[in-house]
Amino acid sequence: MTLSALDYLVLALYGISILALSVYISRKQKSTREYFIAGRSMPGWAVAMTLMAVLIGSGTVVGHPATVYQTGMILLLGNLTLPLVLLFVAKFIVPFYRNTVGMSAYEYIGERFGLGGRFYASFGFLADRLFDLGITLLTTAIALKVMTGWPLTWVIILSAGFTVFYTMIGGITAVVWTSVIQGFIFVAAAFLIVARLLFAPEAGPFGAVVTDAWAAGKFSLGNFDLSLSSLTDPLVTSQWLFILAYATNWGRRYISDQHMVQRYLIARTDREASRGAIMNALLCVPIYLIFMFIGACLYGFYHLSTFDPPLLADNVVPHFIVNFMPAGVVGLILAAILSASMSSISGDLNSIATVLTRDYLNYLRPEASDRFQLIFGRLMVLLAGVVTTLIAILMIPEEGLASVMERGVTIAAILSGGMLGLFFLGFLTRKATRRGCYIGIVACILFTSWALLTEPKTRTLDLPLNFGLNPILIGIFSHLVLFGVGYAASLVFGGYRPENVERLTIRQKFDKESDR
């Protein structure tokens, strides 16, 4: 089945509306403050929607159902750790950043640990975001390719080009308001897919797909083994490791990553920014559950019906949509997949441009005018889009590989580079010094390099001492190594600490509360 004329009309109307909104907003983007942080003018509910858009991308639409379809609900409990992380973030992290930095999260690292710490943290963010955007772009292109029959590489290039264009002209304000529109389309599409699966006559009576998926173990949460073998098995990741990896990843993203911190800064007040963070958890978790449920139902559908499933698990959602959803609805759901991808990619492209402008251009050319910085920021959106497109093409899956989401969790954990450990080294302790921080960074780099080269899954060096644990632990341990070594080195070797260091730690918040 191919897309109907009605489906193409729905897609065209969606694309025109997004472009029109971006062009309208672009007329008001006259300064870097407006382009990067919307003049700190956004209401809390809009902050929640744009925070949701960062996380709920095409990876949720395509990747989460594919993982459940193939393996089961092994990622469910990890996603459920999000509200716990956001309670801490809303209470301590949001007001801290809003009273400490201007536009970039790494301004704080620079003030606490100097230029080396700022560059390390910002470079780690750039590497992680570019990879993650490549995954998002790829999962979107997979859906488009299955539904349209167009070559996958060209789908990646065209969808990336459209997103880059409206992000360049509209800035963060366009990102926020397009995210609101895209969020409503996204949720409506999810319920349409669920309804079609539950009432599918091809698979038997109402709800038969759920019963069959349950019998096949697709609602299983995975392996809960807590033995030594569960830590050393490179092929089977236990549920405890997934929970630990997700909790760490949520913490790193919401506490130390620019693409989240920038959204705290766009809110009108501290209270609305914190409220937006909490509302974000209430939005994200149900959406994750819905799409995991869709993955289980899809297994039941293909198992009970006479239809052959796609060869790749990552194709299962778009294959079902294009073959079993009615005309017009297919276009709406495809628009939802595109909107999920675009809202995630556009926000991250803007954050990448913010870091390159505020943390690099401002250092190299501190005399640059605001107008020059605005032009530079827009060009950096274009550059980041090109790099993201190349990553997506390199990550195109092959038959027999794990789903994109499973591979992405491990790679993202490794690319984190100890960022959460670096932030907590400055935020939780007063005794951490610049010298200790740099020693911790070197130790983290050495540990990560050694672990990647000697880990059991793709070992390239066989040394007398190899990393023998599950590779997903590399990223988790990197935070602990940076924090532990950095703190110990600070105590042993001393070094520079900013005057009145308390204002750059968690104590700043406590002191403010005690004065009220």
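Laboratory data are not the source of any read-out in this text; all were calculated from the coordinates shown. The shown structure was predicted, so the numbers you read here are calculated from the model rather than taken from an experiment. We place every Cβ from the backbone using ideal geometry, glycine too, and count neighbours over all the protein chains shown.
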Please name which of W450, P464, G475 has its Cα lying farthest along the dipole of segment 417-511 towards the positive end, using unit charges on Cβ (Lys, Arg +1; Asp, Glu -1) and the Cα centre as origin. G475
Scoring the chain by relative contact order with C-alpha pairs under 8 Å, at least six apart, yields a percentage of 29 percent
Options (i) 89, 52, 51; (ii) 70, 60, 45; (iii) 84, 59, 46 are given for Cα extents along the principal axes in Å, and the computed one is (ii)
Roughly speaking, what is the stretch gain from I16 to V285, that is 0.36 nm per residue apart minus the C-alpha to C-alpha distance, in nm to one decimal? 93.8 nm
Residue separation times 0.36 nm, minus the C-alpha to C-alpha distance between R503 and L465: what's the value? 9.4 nm
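Subtracting the Cα-Cα distance from 0.36 nm times the residue separation, let me have the gained length for L446 to A368 in nm, one decimal. Write out the running numbers ahead of the final one.
Working: separation 78, 0.36 × 78 = 28.08 nm, distance 3.65 nm.
Fully extending the segment from L446 to A368 adds 24.4 nm.
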What is the local net charge at Y302, summed over the other residues whose Cβ is closer than 13 Å to its Cβ (Lys, Arg +1; Asp, Glu -1)? -2
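Which order do the peptides 213-224, 330-341 come out in when sorted by mean C-beta neighbours inside 10 angstrom, highest first? Please report the intermediate quantities before stating the final value.
Numbers: 213-224: 16.2, 330-341: 26.0.
Most protected by this proxy first, the peptides run 330-341, 213-224.
Per DSSP helix of 4 or more residues, -39500 (n - 2.57); summed, then divided by the residues of the chain. What does that give at 222 nm, rounded to the nearest 500?
Taken over the chain, the calculation gives -23500 deg cm²/dmol.
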Compute the long axis of helix 404-415 from its Cα atoms, compare it with the longest principal axis of the Cα atoms of the chain, and write down the angle in degrees, 0 to 90, nearest 10. 10 degrees
Under 5 Å between amide hydrogens, which residues at least 5 positions from S4 or on another chain qualify, with H placed 1.01 Å from N in the peptide plane? G328
At a temperature of 25 °C and a viscosity of 0.890 mPa s, determine how fast segment 203-256 diffuses translationally according to Stokes-Einstein, using the Kirkwood radius over alpha-carbon pairs as Rh; express D in µm²/s, rounded to the nearest whole number. 178 µm²/s
Gyration tensor over alpha-carbon atoms, segment 417-511, equivalent ellipsoid semi-axes in Å: 31, 14, 8
Find out how many positive minus negative residues lie around A277, taking Lys and Arg as positive, Asp and Glu as negative, among other residues whose Cβ is under 14 Å from that of A277. +3
Along principal axes, largest first, the alpha-carbon spread of segment 230-359 in whole Å comes out as 55, 47, 29
Residues whose placed amide H lies under 5 Å from that of M42, excluding near-sequence neighbours: A267, R268
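Below 8 Å between Cα atoms, with a sequence gap of 6+, how large is the relative contact order for segment 417-511 in percent? Please list the in-between numbers first.
Numbers: 145 pairs, mean separation 43.5, N = 95.
Across segment 417-511, relative contact order equals 46 percent.
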Count of lysine pairs in the chain with Cα atoms under 29 Å apart, counting only pairs 8 or more residues apart in sequence or on different chains? 7
Among trypsin sites (Lys or Arg not before Pro) in segment 410-504, those in a DSSP loop whose Cβ has at most 15 other Cβ atoms within 10 Å are R430, K431, K457, R459
